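Here's the structure, in structure tokens; my notes come after.
Values quoted throughout were computed directly from the atomic coordinates according to the rules given, and no laboratory measurement underlies them. Since we're looking at a predicted model, the values are computed, not measured. Reconstructed Cβ throughout: ideal geometry from the backbone, glycine too, with neighbour counts over all protein chains shown.
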Amino acid sequence: MKEVKIETRLEVYEDISELPVQVQSLMKKAVEVREAAYAPYSKFNVGAAILLENDEIIVGSNQENASYPSGLCAERTAIYYANAKFPNVNMRMMALTASSRNKVTDKPIAPCGACRQAIAEYEIKQQKPIEIYFMGAKGKVVKSGSLANLLPLLFENSVL
Ligand code: THU
């Protein structure tokens, strides 16, 4: 038996103003779309904005459903639409923000496991990292230079 240690690397910014201007404006789009999320059940609004290599920005918010499992997270709403609209264009970065309507969301909110797996699919497809920036409603922003940093041991199609 040998033990394997898995390490990951993230950058933490004190707030949105510390980010490069291009990322700030992407995060502002995510905030805008977050406000319009359809989250009547959880009251937890999430916004995602994806910058593509053709400079297009695709946004998405969480879409809930009275039949709870039929709802979809903001990240997948955005990334599936990005690849539906521009199937041959690489994704450069994704900005994420979440805000509870019940309490102050002042900590960065990382994408859920299912969304990490979905984002990984496109990172593997394009063979280029997708930068992920995530925050709450205010405060610190975390940057992961690649989705792979957020999902060690991810399941990939090379095994199929
Ligand atoms: N949600 C997202 O949109 N993204 C995540 O990564 C985690 C959770 C949504 C799903 C649901 O509408 C609400 O947040 C509460 O779980």
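For the range 6-52, which GluC sites (Glu not before Pro) pass both filters: DSSP loop (anything but H, G, I, E, B) and at most 15 other C-beta atoms within 10 Å? List each step's numbers first, then the result.
Values: sites: Glu7, Glu11, Glu14, Glu18, Glu32, Glu35; in loops: Glu7, Glu14.
Here the GluC sites (Glu not before Pro) that fit, given the DSSP loop and packing criteria, are Glu7, Glu14.
Across the range 25-34, rounded Karplus estimates of 3J(HN,Hα) from the backbone phi angles (6.51 cos²θ - 1.76 cosθ + 1.60, θ = phi - 60°) give 6, 5, 5, 5, 5, 5, 5, 4, 6, 4 Hz, Gly and Pro being marked x. Taken along the Cα-to-beta-carbon direction at a fixed 7 Å, the label points for Lys43 and Glu14 span 3.3 nm. Among the GluC sites (Glu not before Pro) in the range 117-160, those placed in a DSSP loop whose Cβ has at most 16 other Cβ atoms within 10 Å are Glu156.
Exceeding 21 Å between C-alpha atoms, which entries from my cross-link table qualify? They are Lys107/Lys128; Lys28/Lys125; Lys29/Lys128; Lys29/Lys107; Lys85/Lys125; Lys28/Lys143.
Numbers: Lys107/Lys128 28 Å; Lys28/Lys125 27 Å; Lys29/Lys128 23 Å; Lys29/Lys107 19 Å; Lys85/Lys125 16 Å; Lys28/Lys143 15 Å.
Violating the 21 Å limit, Cα to Cα: Lys107/Lys128; Lys28/Lys125; Lys29/Lys128.
May I ask you to sort Ile130, Ile109 by Cβ crowding, counting other Cβ atoms within 10 Å and putting the fewest first?
Numbers: Ile130 22, Ile109 18.
Going from sparsest to densest Cβ surroundings: Ile109, Ile130.
Coupling constants for the range 103-111 follow from the phi torsions by the Karplus curve (6.51 cos²θ - 1.76 cosθ + 1.60, θ = phi - 60°), and in residue order they are 7, 6, 9, 10, 10, x, 10, 7, x Hz; glycine and proline get x.
Between the C-alpha center of the range 1-48 and that of the range 98-160 there is a gap of 8 Å.
Within the chain, what's the longest stretch lacking chymotrypsin sites (Phe, Trp or Tyr not before Pro) that sit in DSSP loops with no more than 13 other Cβ atoms inside 10 Å?
Working: sites that count: Tyr41, Phe155.
The longest uninterrupted stretch comes out as 42-154.
So what's the range 4-160 giving for Cα Rg divided by 2.2 N^0.38 Å, two decimals? Let's see the in-between values first.
Details: Rg = 15.0 Å, N = 157, 2.2 N^0.38 = 15.0 Å.
Dividing the Cα Rg of the range 4-160 by 2.2 N^0.38 Å gives 1.00.
When the trypsin sites (Lys or Arg not before Pro) in the range 1-52 are filtered for DSSP coil states and for at most 14 other beta-carbon atoms within 10 Å of their beta-carbon, the remaining sites are Lys2, Lys5, Arg9, Lys43.
Counting every Cα pair in the range 1-55, what percent are over 18 Å apart?
Values: 835 of 1485 pairs.
So the pairs more than 18 Å apart make up 56 percent of the total in the range 1-55.
Computed from label points 7 Å out along Cα-Cβ, the spacing between Gln22 and Ala84 is 2.7 nm.
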